[in-house]
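The block underneath contains the structure these notes are about, expressed in structure tokens.
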Amino acid sequence: MRDTEQLISELKSDPDIECVLRNAPMSEYCSFKAGGRADCLLVPRGEAAFVRVLSLIFGMGLPYFVMGAGSNLLVRDGGFRGVIVKPGADLRAVRVGGNLITALCGASLAAVSDAAADAALGGLEFARGIPGSVGGALYMNAGAYGGDIGGVTESAKVFTPADGAVLFLRRNEMEFSYRSSLFRRSGVVVLEARFELVPADEADIRARMAEFARRRAEKQPLSAPSAGSFFKRPTGGFAGKLIEDAGLAGLSCGGARVSPLHAGFIVNEGGATASDITDLMEIVRSTVFDRFGVMLEPEVRIIGDDIQTPL
């Protein structure tokens, strides 16, 4: 904790840092509305501060995690012993130029999709209802309804804390695959991304967005806190179908429940702990494996420590 306190001392009066929060309650920053505390949450306002903070943390040897919108993240109840960095207000800009959209890492996918529709550019309709940020979307190659972010990414500006370098990567250098990328497998951090889209009729774009929104509202439990689809799609099938066929739809563990509306979702029905969610996850995984021989892999990023029970 001493090094974390040193970091806090160095940054607490820095005008380029929006927030320096000790013992940060991560349940307030994650869509699951559950989980433990981080030793420190830092919110750098813009790119220069973001890079400087990451360099400082790396140089001090502190554990750290860069989060986006918190829509695909769960911090275990024992908390995160280190620093969580979240992009601030000046890292949410979106710019349109020709058939390219440039968005900073903290921009929401909804804002980027809306900017594309306003400019009559098609290709991002699938992303309108994904409640994440640009940085997080590249990190996990977010996708829905047959599209994914890797398919429309032209290039990205990135930072590597290990050597302090700011680089530009092309799409073929980002190693996109199903719900994964170079960013998930390395310490490279997205600063901004550029999306290459195609001219289209704005009314058609809006209609596709509306259709996807209708389908989400019908089939997904949008009213309860969750992290979206909890499991990755297994080869040759769908996680939700396997879970439902195993008779697990509606199963509860503490305040966590497998959604009866869409069994691929685990929801917080009120007062769920991170342990409730991860315990239910393990029950689902073991049951599906016993029944069908398929081991489901979480799509949600789970970090931090479990609460240690005294001996």
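Restricting the first member to the stretch 158-175 and to residues that are more than 25 Å from Leu100 (Cα to Cα), and the second to residues that are among the polar types (S, T, N, Q) and modelled with pLDDT of 95 or more, the beta-carbon pairs closer than 8 Å and six or more apart or on different chains are Pro161/Ser55; Gly164/Ser55. Of everything in the stretch 136-154 that is under 8 Å from the mean Cα position of the chain (by Cα) and among the small types (Gly, Ala, Ser), the residue that is surrounded by the most Cβ atoms within 10 Å (Cβ to Cβ) is Ala137. In this entry, Leu7 is excluded by the filter for residues that are within 20 Å of the chain's Cα centre (by Cα), of a type outside the set (Gly, Ala, Ser), surrounded by 19 or more Cβ atoms within 10 Å (Cβ to Cβ) and not assigned by TED's automatic domain parsing to the domain that holds Tyr139.
Restricting attention to the stretch 226-241, the residues being touching a Gly at 6+ places or on another chain (Cβ under 9 Å), surrounded by fewer than 18 Cβ atoms within 10 Å (Cβ to Cβ) and over 28 Å from Gly122 (Cβ atoms) number 1. Could we say that Arg37 is of a type in the set (Lys, Arg), within 24 Å of Val166 (Cβ to Cβ) and either surrounded by fewer than 23 Cβ atoms within 10 Å (Cβ to Cβ) or in contact (Cβ under 8 Å) with a residue 40 or more places away in the chain (or both) here? No: the conditions fail for Arg37. Looking only at the stretch 26-52, residues that are in contact with a strand residue (DSSP E or B) (Cβ under 7 Å, 6 or more places away or on another chain) and farther than 21 Å from Arg184 by Cβ come to 13 in all. Scanning the stretch 185-210 for residues that are free of Cβ contacts under 8 Å to residues at least 40 places away in the same chain, loosely packed, with under 12 Cβ neighbours inside 10 Å and either closer than 13 Å to Leu121 by Cβ or not small (Gly, Ala, Ser) (or both) gives a single hit, Arg185.
Checking each residue in the stretch 70-99 for being under 26 Å from Leu197 (Cβ atoms), aliphatic (A, V, I, L, M) and surrounded by fewer than 23 Cβ atoms within 10 Å (Cβ to Cβ) picks out Ala89, Ala93, Val94, Val96. Criterion applied to Phe65, Phe50 was being over 15 Å from Ile303 (Cβ atoms) and aromatic (Phe, Trp, Tyr), and the one residue passing it is Phe50. In the stretch 53-83, how many are out of contact with any Pro (no Cβ under 6 Å at 6 or more places or on another chain), among the small types (Gly, Ala, Ser) and part of a loop (DSSP other than H, G, I, E, B)? Total satisfying the criteria: 5. Does Ile243 satisfy being modelled with pLDDT of 95 or more and farther than 24 Å from Met295 by Cβ? Against the criterion (modelled with pLDDT of 95 or more and farther than 24 Å from Met295 by Cβ), Ile243 does not qualify. For the stretch 229-238, the criterion of being in contact (Cβ under 8 Å) with a residue 60 or more places away in the chain, over 19 Å from Ile283 (Cβ atoms) and either assigned to a strand (DSSP E or B) or under 22 Å from the mean Cα position of the chain (by Cα) (or both) is met by none of the residues. Give the residue that is nearest to Pro221 (Cα to Cα), with candidates limited to residues of the stretch 245-266 that are buried (at least 24 other Cβ atoms within 10 Å of the Cβ) and either out of contact with any Gly (no Cβ under 8 Å at 6 or more places or on another chain) or of a type in the set (D, E, K, R) (or both). Filtering first and then ranking leaves Ile266. Here is a list: Gly150, Gly135. Which entry is out of contact with any strand residue (DSSP E or B) (no Cβ under 7 Å at 6 or more places or on another chain), within 29 Å of Arg215 (Cα to Cα) and either assigned to a helix (DSSP H, G or I) or without any contact (Cβ under 8 Å) to a residue 24 or more places away in the chain (or both)? Just one listed residue meets the conditions, Gly150. Taking the criterion of being in contact with a Lys or Arg (Cβ under 6 Å, 6 or more places away or on another chain) and either under 17 Å from Ala142 (Cβ atoms) or in the same structural domain as Arg52 (by TED's automatic domain parsing) (or both), the only residue of the stretch 186-206 that qualifies is Glu192. When you scan the stretch 14-21, do you find a residue that is assigned by TED's automatic domain parsing to the domain that holds Gly143, in a loop (DSSP other than H, G, I, E, B) and farther than 20 Å from Gly132 by Cα, even just one? No, the stretch 14-21 has no match at all. Against the list (1) in a loop (DSSP other than H, G, I, E, B); (2) over 19 Å from Gly147 (Cα atoms); (3) of a type in the set (A, V, I, L, M), the condition Leu182 fails is (2).
The values are calculated or read from the model by the stated rules, or taken from the named source; none is laboratory data. Computed from a predicted model, the values in this text were never measured in an experiment. Quick reminder, even Gly has a Cβ in these numbers, built from the backbone with ideal geometry, and neighbours come from all protein chains shown.
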